[in-house]
Every structure is written in C-alpha cells, then in structure tokens.
1. List the trypsin sites (Lys or Arg not before Pro) within the stretch 1-98 that DSSP assigns to loop and that have no more than 15 neighbouring Cβ atoms inside 10 Å.
2. Name the residue from Val86, Ser284, Phe190 whose Cα lies farthest towards the positive end of the charge dipole of the chain, charges +1 on Cβ of Lys and Arg and -1 on Cβ of Asp and Glu.
3. Gain in length, Leu377 to Glu292, computed as 0.36 nm per residue apart minus the alpha-carbon separation, to one decimal in nm?
4. For the chain, with the dipole built from +1 on Lys and Arg beta-carbon atoms and -1 on Asp and Glu ones, taken about the Cα centre, which of Asn12, Pro172, Ala371 lies farthest toward the positive end?
5. Suppose R0 equals 25 Å. What FRET efficiency, 1/(1 + (r/R0)^6) with r the Cβ-Cβ distance, do Leu4 and Leu385 give to the nearest 0.05?
6. For Arg11 and Gln93, what does the FRET efficiency come to when R0 = 56 Å and r is the distance between their Cβ atoms, rounded to the nearest 0.05?
7. Once you order the gyration tensor axes a ≥ b ≥ c over the Cα atoms, which shape class does the stretch 217-368 get: rounded for a/c under 1.5, otherwise prolate or oblate by comparing a/b with b/c?
8. In nm, give the distance between the simple-model label positions of Val395 and Phe41, each being 7 Å from the Cα along the Cα-to-Cβ direction.
Amino acid sequence: MFRLAFRNIFRNGLRTALTLAAIVTGVIAIIISGGFIEDVFVQLRETTIHSRIGHVQIFRRGFNEYGRREPARYMITQPKVVVDLVKSIPHVQAVMARVNFSGLANNSRADLPIIGEGIEPGKEAQLGTATTIVEGRSLQDSDAFGAVIGEGVASALHLPPGSFMTLMVNTPEGALNTHEYEVVGVFRTFSKEYDDRAVRIPLSAAQELLFTPSAHSIVVLLDDTGATDAVTEIVRARLGPLGYEVKPWQELADFYQKTEALYRRQFGALQAIILVMLVLSVASTINMVIYERTGEFGTLLALGLRQRQIFKLVLLENTLMGLLGSLLGVILGIMLASVISAVGIAMPPPPGSSIGYTATIRLVPWALVAAAATGILASVMAAVLPARRASRLQVVDALRHNI
C-alpha cells in the first residue's frame, strides 16, 4: 500500500507540482512569520533586561505594594549582606545596589521634575549594554559627583555634557537637601518615557544626598537569560526567610508581557488562516484527481479491494504529499530566512521607544515544527472527504469512466 501510494503521487506531475507549491508556500510563510515574531521577542526581551531592569531584582517585602507611598520604610538596610549572599550563586555575573529618589533638577533657570537612581557605575556598565550614550561619556566609579541624564532631560533643561545641574530632594526624614552635579553624559534607553525624566548619579552620591546608607533594590545580572527561573528560586530560598521579596524580570516588564501575548495571538490567527487556505487549495486539487481516477478506483474495487483500503490509499497518498511538501518548505524556508537575516529588516521604533532596530528571521525549533505540522495537517484534512467519497463509489458506475 505504501509503495503504491508513493508511485501514485508522481503519476500526474502537474497536479503534484501544484499541490506541493501550495504546501511549500504555506510552510515557508509560517517559518518566516514565526521566525520574525521570535526575533521580536528575543530582541525586546534582551533590550528590556539590559536597559535597566536586569534579570532579577530584590526588594524588602512590601516595597512593591507600599514603597511608592513610603519608600523610606521599605529600604534594604544592609545591602552588602544581600549582595554577598547572592553573588556566589551559579550564573550570577554581577550584583548591584540601587537607590531611588525623585525631586527637581535645576539648571539655574528652570526646574524639571525628575526620577533619579543612585547606581554603581562599573557594574551598571555590564548590565546596560542596551543603553546608548548619545553625548559625552558613561558614568564612572571615579565620578564622585557626576551624573548622566536622559535625552529628554538634557533637551528640556539644555544641559550638554560639561554643564552643571542642581538636584533638590526630600530625605527619608523629611528634610530638604540639594547638591550640584556635573553632567558627564546623555543616555538613551528603550523607554522614551524613562529618558524624559531620568537622572543617574553614583550610589555613594545618592546615599549622601538622601542621608542614608540603605538601598531600595538589588539588581542581579546573569550570564544566561534562560537561567532566570532557576536563579530566582535559589535567591528566594536564601532571602525569603529574611524578609526579602524576589522578582524575575518577567514580572517587572509589563510592556513585554503584553506585547508577547498580543504577538502570540496574532501568530496563532495567522497560522489558522494559512491552514484554512492550504486545506482549500489542496482539497480542490485532490477533488480533481479523484474525479480523474474514478475508473481506477472502480477497477480496484472490482479486483477485491475493500472500501476502507481505498480510503487508506487516498489518505496515505496525501499524507506523503504533505510530508514531502513540508520537507521542501522547511528547507526552502531555512534558506530564505538565512538570506533575509543576512540583509536585515529595518524596523521603526516600537511604541514608547525612540530607537529603531534591525530585525532578522530567527530559526527556532517550535516555528519549524509548527510549519511542518501545518503542512501535513492541511494535506490530511483536505483528503478526508475526497477519500471518503472515493471509497463509497459504486463499482458499476466507477467502471464506466474507463470507457
């Protein structure tokens, strides 16, 4: 039965070529679209992580719920102890403390509300590979009272590198404190909203500005994003009993979660549309083949083949056609994806960002499997009704087609 089915699919070269062309086109479309969407996920994920979020963040328990109203009550009073507990975990590349503050930035002529961060410049340089310095230079450990500011802050206050600004903030005790900082650089991240308000100064300078040795969060950078869940569980086991809350980057990146959910549904809808189009296209060809082979099926029935064997024969022929078309589609899809990736696809900035990027077609197993499965499934689904009709032909009426 298998050899007969394999020989039958090559009896009419034109019909076979048309069917294979439809299957191959659908498989390639799924590979290209799936690879493009996967590349969007990977680039968005890594940009989100390496802009400022990191892979894992550690807070005092209650900080995320109540820290906005009373940040001083939920600070990590001994950040070095937490850093020492975390940095020995496998896959941990760097552990850094941060202090958050808000206040006013003044250029001696105007004020601008800002959100600030006290950071460890050397460690943040390892994390912030997706942060671009558009003017000046990045903050360094030797910059005791230096600052880097977001692109929007620099534009609003006209603060080029080398200029000075004054920060005015409230300390945890409620006092007002000010200090002057030299702008050493202007940066751009993935989030335009953040760049419009962000000021970053050394951690020691921020702690001096707020009169506190504490930190608001500990940020963990890993050498492999795939290890995030495993490291998160280990950190929770070590720090959870001590009153700390541990959150992986997925829980902190709301924009990424919503974007991924949207694209997953879009890809699912696209795959369903391609499946329907393939079924209709292949079904029309199979119906024509079944009509042309009516006399052949009548002869097979007259020679003693049972109806279920005719059904299996037609179904097997189209399953083999689907396998062959899917294989060709996967091969051609990989080749086309490689060519497109070598050239690159220039993409505009995503919503909320001011940075465009170059997309590629990322070949991942799930997209290749989904494409091949769609091609095979479409061939089988398209063959069910024609195979059923062929198996129920009346022998006498079918044999008349041979005359």
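1. Counting only loop positions with at most 15 other Cβ atoms within 10 Å, the trypsin sites (Lys or Arg not before Pro) in the stretch 1-98 are Arg11, Arg61, Arg68, Arg69, Lys87.
2. Ser284
3. Using 0.36 nm per residue and subtracting the Cα-Cα distance, I get 28.2 nm.
4. Working it through, the farthest residue towards the positive pole turns out to be Asn12.
5. Working: r = 21 Å, r/R0 = 0.85.
Once rounded, the FRET efficiency stands at 0.70.
6. 0.35
7. prolate
8. Result: 5.5 nm between the two label points.
The values are calculated or read from the model by the stated rules, or taken from the named source; none is laboratory data. Just so we're clear, the structure is a prediction, and the values are computed from it rather than from any experiment. No Cβ is skipped: glycine too gets one built from the backbone with ideal geometry, and neighbour counts run over all protein chains shown. Ligands, DNA and RNA are stripped out before the accessible areas are found, and what is left, the full protein with its side chains, is counted by its heavy atoms. Shrake-Rupley method; radii C 1.70, N 1.55, O 1.52, S 1.80 Å.
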